[in-house]
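Each remark here refers to the structure printed beneath this line.
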Amino acid sequence: MTQPHPDNNPDTPEGNQPPAPQQPDYSAQPPQYAQPQVPQQPQPQYGAQPPQPQYYAQPQVPQQPQYGAQPPQPNMAYGYPQPKSKIAAGLLGIFLGGLGIHRFYLGYTTIGVIQLVLTVVLGIFTFGLVGLWGLVEGIMILAGAEYFRRDAKGVPLRD
């Protein structure tokens, strides 16, 4: 039989006992790792020009035509003049022709203002005979006279 050894030193195994595991030594210094070497760039001196970045050449892109250079597309909703009604212009000439309303409708504002002023100023002295001018023009519009086939912008009147 084996007697236990009075010395409790785990370093000396006795009999069939496995050796006791040893504790790692934490008092030792960890390994030192080397810092990566960064190449030192020379420091710019006071008043020196900083280095300019180099740019790569961009491929040339063909210029697109500008919006104003494109031919206008026919679209009545976006600024193209709508044709005026021949019947509406003729009826305005017959009933309100002395005031030049039919001229305003067709876009002839200068002649419309002249008719309006003449009717208001001279209508008192001529008992409204100046209004016949508008009545005659209204009939001419409805009859299709050459002078009244287009409005001030050159757009033909529609029936």
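Readers should treat all values here as calculations from the given coordinates under stated rules, not as data from a laboratory. Everything quoted here is computed from the prediction, not taken from an experiment. As a convention, Cβ positions derive from the backbone with ideal geometry for all residues, glycine included, and neighbour counts pool all protein chains shown.
Along the Cα→Cβ direction, 7 angstrom out, place labels at F127 and Q22. What is the inter-label distance in nm?
Inter-label distance under the simple model: 14.3 nm.
Could you go through the range 83-100 in sequence order and give the Karplus-derived ³J(HN,Hα) for each residue, using 6.51 cos²θ - 1.76 cosθ + 1.60 with θ = phi - 60°, rounded to whole Hz, and x for Gly and Pro?
Computed from phi, the couplings for the range 83-100 are x, 7, 7, 5, 5, 5, 5, x, 5, 5, x, 6, 8, 10, x, x, 8, x Hz.
Find how much the distance from K153 to V136 grows on full extension, using 0.36 nm per residue of separation minus their present alpha carbon separation; answer in nm with one decimal.
Going from the current span to full extension adds 3.9 nm.
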